[in-house]
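The values are calculated or read from the model by the stated rules, or taken from the named source; none is laboratory data. Note that the structure is a prediction, hence the values are computed from the model and not measured. Every residue, glycine among them, receives a Cβ derived from its backbone with ideal geometry; neighbour counts consider all protein chains shown. Calculation scope for accessible area: heavy atoms of the full protein, side chains included, ligands and nucleic acids excluded. Shrake-Rupley method; radii C 1.70, N 1.55, O 1.52, S 1.80 Å.
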Amino acid sequence: MKLFDRPERKDWQAILARPTADISEIEGRVQPILEEVRNNGDEALRKFALAFDNILLNEFEVSSSDLDSAEGELSEELKDAIKLAYANVYKFHEAQKSEPEVIETMPGVQCWRKSVGIEKVGIYIPGGTAPLFSTVLMLGIPAKIAGCKEIVLCSPSNHPAILFAAKLVGVTKVFRIGGAQAVAALAYGTESVPQVSKIFGPGNQYVTAAKQLVSKEGVAIDMPAGPSEVAVFADDSAEPSFVAADLLSQAEHGIDSQVILVSTSSEMIASVQKEVYKQLEELPRKELAAASLENSKCILVASQEEAIDILNEYAAEHLILAIENAEEVGEQIVNAGSIFLGNYTPESCGDYASGTNHTLPTNGFAKAYSGVSLDSFVKKITFQKITKAGLEKLGPAVQIMAEAESLQGHSNAVKVRLK
């Protein structure tokens, strides 16, 4: 981890830059995959499964018997842990529901807004070395609470915990399809896979590029996404071993992940760096984490105020405040996906089971995007109801404004009612 000693503000942008791939090159490889799935449906999915995963697939959908049997392949301890996470995530997201409130803007004029679940949503869960069954909970639970009628999950993984979680949250259909071709199947529909209106979930750079490309064609996606990241602000009250563990918990995601340590204490930075490389040797995924650390930074700042400024500039996906006045500083953070307060709030709890959602904006998008919540799975439809007496009060203003915009038809729609 490279150390930057009290850098000048003009250098912050360069120091805080994320490791990024050439998205145009990746999109160039992904676009033909999308087009082939759109044109050839299941036949294209079989072709890509054989080409990319060396698997010959006749049936894409996971059977109900496979979903049922997955439970028996898991330990009781893991099933209990997943059920605990389910309960906490459900409780937190259910509390986000709101009942319509009718507002009388003036006598005889009533307006309100109603949340309606998106009818069909797609969830993508990547394969690879880390079976992200936790993400099934994070996306399936709010989808169910929101009232989405069809929840379609695609994953190339056969891990029983993914299937167990899918059944637990009430996923409608599960398909063994991965990569950009899975995103295409969800976006366009095939003979087997239903077309959805919005696609959620993480993935590699090809999945991310596919999501961004289909979003240009009118299919909604959860958010722009990049590699996982964490920033930690630690003062002398922090425990170096805790901070190091938090940094490594994100570094182990992959070689393009980034971790940032900001501190007002050079002694804390030195202690954390020593602890990071000590703990690194004990990680099974240490090669991935070590590569990630090459992209990572330690930044010594002159004051807490400067730390707050640099953290707001970075807009971290995960921000840990391992400082004495964590809650006070937390109120001054305006750009972050999720904030973790104090020495005993590891980011991994938010990833799994505290209740908050772990699908969060990365790559600086926390400046404008929120993480996934119940709102991500609903549309807000506005209603209005106007009485005759209300229109008599409101109508003349509408007529004047419409005519000032040269839209006589709008004016006439009021005028004919007031005659």
State yes or no: is SER354 among the hydroxyl-bearing types (Ser, Thr, Tyr), under 27 Å from ILE145 (Cα atoms) and either surrounded by fewer than 17 Cβ atoms within 10 Å (Cβ to Cβ) or under 15 Å from the mean Cα position of the chain (by Cα) (or both)? no
Number of the exception - SER69 against (1) open to solvent by 50 Å² or more (accessible area, probe 1.4 Å); (2) part of a loop (DSSP other than H, G, I, E, B): (2)
Here's a check for you: in the range 293-319, which residue that is of a type in the set (Val, Ile, Thr) and out of contact with any Leu (no Cβ under 8 Å at 6 or more places or on another chain) is surrounded by the most Cβ atoms within 10 Å (Cβ to Cβ)? VAL301
Going through the range 355-374 in order, the residues found to be within 22 Å of LYS97 (Cα to Cα) and either assigned to a strand (DSSP E or B) or hydroxyl-bearing (Ser, Thr, Tyr) (or both) are THR356, THR359, TYR369, SER370, SER373
Looking at the range 174-182, can you tell me whether even one residue there is under 24 Å from LYS91 (Cα atoms) and open to solvent by less than 40 Å² (accessible area, probe 1.4 Å)? no
Out of all the residues in the range 150-160, is one or more farther than 12 Å from GLY127 by Cα, part of a loop (DSSP other than H, G, I, E, B) and open to solvent by 20 Å² or more (accessible area, probe 1.4 Å)? no
Name the pairs whose Cβ atoms lie under 8 Å apart, with the first residue in the range 247-271 and within 18 Å of GLU305 (Cβ to Cβ) and touching a residue at least 40 places away in the same chain (Cβ under 8 Å), the second open to solvent by 10 Å² or more (accessible area, probe 1.4 Å) and in a helix (DSSP H, G or I), and 6 or more positions between them or separate chains? THR264/GLN304
The correct count of residues that are part of a helix (DSSP H, G or I), more than 14 Å from the chain's Cα centre (by Cα) and among the β-branched types (Val, Ile, Thr) in the range 208-230 is 1
Do any residues in the range 8-27 that are in contact (Cβ under 8 Å) with a residue 40 or more places away in the chain and within 15 Å of ALA225 (Cβ to Cβ) have Cβ atoms under 9 Å from those of residues that are open to solvent by 90 Å² or more (accessible area, probe 1.4 Å) and outside any helix (DSSP H, G or I), where the two are at least six apart or on different chains, and which pairs are they? PRO19/ILE255; PRO19/GLU294
Assess whether GLU239 counts as being open to solvent by 30 Å² or more (accessible area, probe 1.4 Å) and modelled with pLDDT of 90 or more. yes
Does GLN195 meet the test of being farther than 21 Å from ASN158 by Cβ, touching a Phe, Trp or Tyr at 6+ places or on another chain (Cβ under 9 Å) and either polar (S, T, N, Q) or open to solvent by 30 Å² or more (accessible area, probe 1.4 Å) (or both)? yes
Would you pick out the residues in the range 375-417 that are on the phi < 0 side of the Ramachandran plot and in a loop (DSSP other than H, G, I, E, B)? THR387, GLU405, LEU407
Residues of the range 393-406 being more than 26 Å from PRO100 (Cβ to Cβ), open to solvent by 70 Å² or more (accessible area, probe 1.4 Å) and of a type outside the set (S, T, N, Q), in sequence order, are ILE400, MET401, GLU403, ALA404, GLU405
